[in-house]
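Undergrad: First, the structure itself, so that you have it in front of you.
The values are calculated or read from the model by the stated rules, or taken from the named source; none is laboratory data. Bear in mind the structure is a predicted one, so any value in this text is a computation, not a measurement. FYI the Cβ positions are ideal-geometry reconstructions off the backbone, even for glycines, and counts take in every protein chain you see.
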């Protein structure tokens, strides 16, 4: 019996009014801080408000209550409720594997806000809401700091929160950001650029104004990505003295010349604001991270109607060029998902000692993470599975973004197993589209929360769900029956070992004082998928039949035939198994109809390679071959 819904749709464009404003800015000079500096004592402060109510106010609270009542009504009708087990309707037999795992940061607050980044030389940064850890690939600690102590070298700040970290494969550097303050009068955006590829070394740290509009809003919930020349950070502007769920005003995009940050010069930026569709501000804008060393100048972003009970609208934004080009614009396309996402109910964990059902907060249906690879975008959000009335993850893909886009979507959950807070990374060779490794939080009904992963192959088929770390206790940090669960996770492949990735998530851990903690887990994982890439990724190969290289293995000559539906310029290249281009053979016009291709390879060293062909009108082909 299938436990998820799967579908795709050729999108239709919708004409609508779209508006935005661009404002230029320049920061002050940075402070240089050193992650390994111990001159300032690290008191690792903890202020834990046990009596905080995590259920949001007004609209959010009302909707959560309605969904919870529907959920409990469904459970009453279900007989013989038993603890679930990790399972899915397996289509793809290649399962992701766990190389190792280790307990990383210990969050002193809630939610955990897990993030991770890893360099080509396997230096790992893992961050949570209260501290940051640098380790090697085995989990051996190099340096650990509270966020308070880290930013103390740059000044005195209030309530540092929501850390994000990213590895820039083009520059072999790291970027870190978080915010400080939750009022317009003290809102500061902190951005750090590592001066070398050693994250435990010196960084350039900048302070940006979190209230750039001189109004009563502050900057909340950053998401970051990098292009060839720029750093992009999206924020939500939230009104003073009200809960973020009802105080939302608008989402903004910072476009920053990242090279000035690496050099230690004043940051130059454009701030995109007033981003509206039909007069309504887009809410929670998520950039799509590049999954390649070959970064482009443009950047894609996604947003949805994340407080709707049920919706199929997806907003696709594109900033067309770099900051220094002085010609960047924002384009908007409205897409329709074939499967509806919806405002998610809270997940259920095991009852506490006095018989109260413990809930895990799922916030809303915002796009949490998005990635861009081979002209495809993959993204994920929290959602509801209307069949089971429980918490699910909505996993979507936009194929062929730049030309004739097609939307695919899956709704992943189980009757006895709930998911939340997905993130994803392309896995494998750069020229192998649609190979994606997802991670997300899981919770067994009447049991404990942990972290899982699932692999999607080039055909869009999902593997068995694999548990990365199961919890051994509830998350029980506040007196309320609703606990924080997110607000995000992350996974990143190692760019020079593209079948390897590092992920981070949370799990219910042991007692800490009078409560049970949410702890963080980091795992090194891998996917070994050597299956031949099907020609189904291209719509120009006759009847979607695969091309067969012959002979294979080959000693002297490679040859095959293919048919084009239209004339186009083809680029012929040979790549190694590590995802690096070894030879650019040539560019050549190929005409509509039957074509023959042949190359002599007798001068190449023996080994395994990929032949890759790309056309300017959509033709894509990649095939592995062995040179004797």
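Undergrad: With respect to the numbered conditions (1) over 30 Å from residue 159 (Cα atoms); (2) exposed (fewer than 15 other Cβ atoms within 10 Å of the Cβ); (3) at pLDDT 65 or above, which one is the sole condition not fulfilled by residue 16?
TA: Of (1) over 30 Å from residue 159 (Cα atoms); (2) exposed (fewer than 15 other Cβ atoms within 10 Å of the Cβ); (3) at pLDDT 65 or above, only one is false for residue 16: (3).
Undergrad: Here is a follow-up. Where residues in the stretch 41-73 are over 13 Å from residue 361 (Cα atoms) and touching a strand residue (DSSP E or B) at 6+ places or on another chain (Cβ under 8 Å), which of them is modelled with the lowest pLDDT?
TA: Per the criteria, the residue is 48.
Undergrad: Further question on the same structure: What strands (runs of 3 or more DSSP E) lie completely within the stretch 290-352 and have 1 or more residues being within 30 Å of residue 259 (Cβ to Cβ) and without any contact (Cβ under 8 Å) to a residue 60 or more places away in the chain?
TA: Where strands (runs of 3 or more DSSP E) fall fully within the stretch 290-352 and carry at least 1 residues being within 30 Å of residue 259 (Cβ to Cβ) and without any contact (Cβ under 8 Å) to a residue 60 or more places away in the chain, they are 311-319, 330-341.
Undergrad: Can we say residue 177 is assigned by TED's automatic domain parsing to the domain that holds residue 220, within 19 Å of the chain's Cα centre (by Cα) and either part of a strand (DSSP E or B) or at pLDDT below 95 (or both)?
TA: yes
Undergrad: Only one of 564, 570, 558 is in contact with a strand residue (DSSP E or B) (Cβ under 8 Å, 6 or more places away or on another chain), modelled with pLDDT of 65 or more and either outside the structural domain of residue 608 (by TED's automatic domain parsing) or farther than 29 Å from residue 499 by Cα (or both). Can you tell me which?
TA: 564
Undergrad: Right, another one. Out of (1) crowded, with 23+ Cβ neighbours inside 10 Å; (2) more than 23 Å from residue 365 (Cα to Cα), the odd one out for residue 275 is which?
TA: The failed condition is (2).
Undergrad: I'd like to check something: does the stretch 386-409 contain any residue that is farther than 18 Å from residue 485 by Cα, in the same structural domain as residue 286 (by TED's automatic domain parsing), in contact with a helix residue (DSSP H, G or I) (Cβ under 6 Å, 6 or more places away or on another chain) and not in a strand (DSSP E or B)?
TA: yes
Undergrad: Select, from 496, 431, 472, the only residue that is on the phi < 0 side of the Ramachandran plot and free of Cβ contacts under 8 Å to residues at least 40 places away in the same chain.
TA: Sole residue among the options that is on the phi < 0 side of the Ramachandran plot and free of Cβ contacts under 8 Å to residues at least 40 places away in the same chain: 472.
Undergrad: Given the criterion modelled with pLDDT under 95 and closer than 20 Å to residue 129 by Cβ, identify the matching residue among 247, 210.
TA: That would be 247, the only listed residue that is modelled with pLDDT under 95 and closer than 20 Å to residue 129 by Cβ.
Undergrad: Please enumerate the residues belonging to the stretch 412-427 that are touching a strand residue (DSSP E or B) at 6+ places or on another chain (Cβ under 7 Å) and surrounded by fewer than 24 Cβ atoms within 10 Å (Cβ to Cβ).
TA: Within the stretch 412-427, just 416 meets the criteria.
Undergrad: Select, from 470, 457, 544, the only residue that is within 30 Å of residue 608 (Cβ to Cβ) and either surrounded by 20 or more Cβ atoms within 10 Å (Cβ to Cβ) or at pLDDT 85 or above (or both).
TA: On inspection, the qualifying residue turns out to be 457.
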